[in-house]
1. Which log10 I(q)/I(0) values does region 25-113 give at q = 0.24 Å⁻¹ under the Debye formula, counting every alpha carbon as one identical point scatterer?
2. How far is helix 44-55 tilted off the main Cα axis of the chain, in degrees rounded to 10, range 0 to 90?
3. Suppose every Lys and Arg Cβ carries +1 and every Asp and Glu Cβ carries -1, with no other charges. What dipole size does the chain come out with about its Cα centre, to the nearest 20 debye?
4. Which residues in region 95-130 have a backbone N closer than 14 Å to a point placed 7 Å from the Cα of Leu77 along the Cα-to-Cβ line?
5. Using only C-alpha atoms and all pairs of different ones, pull out the Kirkwood radius for region 56-156 in Å with one decimal.
6. Tell me what the chain gives for mean residue ellipticity at 222 nm when only DSSP H runs of n ≥ 4 count, each as -39,500 (n - 2.57), the sum divided by the residue total, rounded to 500 deg cm²/dmol.
7. Take Val121 and Ser102, extend 7 Å from each Cα along the Cα→Cβ direction, and tell me the distance between the two endpoints in nm.
8. Mind giving me the FRET efficiency for Asn61 and Glu209? R0 is 41 Å, r the Cβ-Cβ distance, nearest 0.05 is fine.
Amino acid sequence: MEKPKLKVKAILFDLDGTIVDSKDAYREAARTAFAEMGQKAVNIKTVTEIPKRMEQDLPINDLIAGMDAKKFREIYLKAYYQATTARTKPLPNIADALETLSKKAKLALTTRRNVTKKEVVEQLEKFGLAKYFQSVVTSRDTFKPKPSPEALIKCSQYLGVKISDCAVVGDSVVDIKAGKNAGTKTIAVLSGIFSCEELQMENPDLILESVNKLPYFLE
C-alpha cells in the first residue's frame, strides 16, 4: 500500500548523517582518542557504536576497555569537532533535494554539535547549502540538546510555523524522539549510522533511504 503524503509547512533537519556524511569524522575521532589513550587498533563496529552511544548519553565503558570514560569523551569530542571541518562532506545530491524541498516548505537545521551557529553556517556555506536554511540551532543555543524538543521549538518559532505543522528529519533515534517530544511529524533517514531496525523502534511516520526521497512524500 502506498504511504500517505505528509502535509507540512516547515522541515527541521538534523545535520550529521542527514545533510552531511560524517562517517570519516567519526573514524578520525575514534582513532585519535584510542591512540591518545594508548590503543592503536580500532574495531569498525566500535567506531560506529561510540557516536551512537554518546548521542544518546549512554555509557561507553564496555567499548573502551577500562579506559577513563570522561577523558576519552573529552579527547574524542575535541578530535571530532576538528575533523568535521575537513572530513565531512555533503551527502550525494543533497543540494538538489533541498532546492526542491525549499519550494514546498520553510527549512531549518538543528544539531547536537556543541559549536556555534557561525561555525555550522560557515560549513554549510562551503558546501553551498546555507542558503536553504532560514534558521540554524546548535546545542549552544539550548539548555538541553535533543531529544529535548527545545531546539525544534526554537526553530518553529523563528520560522513562524506552529510546531504541529513541522516535520523533523534525522538519521538518529534522538532526532525521532525529539520530534515526538515536540509534537512534529517524524521522518527517519538511513543515510547515517543508525540501522533501520533501530529507527523502526521509535515508530517514525516515515523511514526513507535519504533526504533525496523526501520530496515524493510531501504534498
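1. -1.21
2. 60 degrees
3. 460 debye
4. Taking a point 7 Å out along Cα→Cβ of Leu77, the residues of region 95-130 whose backbone N falls under 14 Å are 112-116.
5. For region 56-156, the Kirkwood estimate is 15.5 Å.
6. -12500 deg cm²/dmol
7. 1.5 nm
8. For R0 = 41 Å, the calculated efficiency reads 0.75.
Laboratory data are not the source of any read-out in this text; all were calculated from the coordinates shown. On a predicted model such as this, the values are computed, not experimentally measured, just so you know. Don't worry about glycine lacking a Cβ; one is built from the backbone with ideal geometry, like all the others, and counts go over all protein chains shown.
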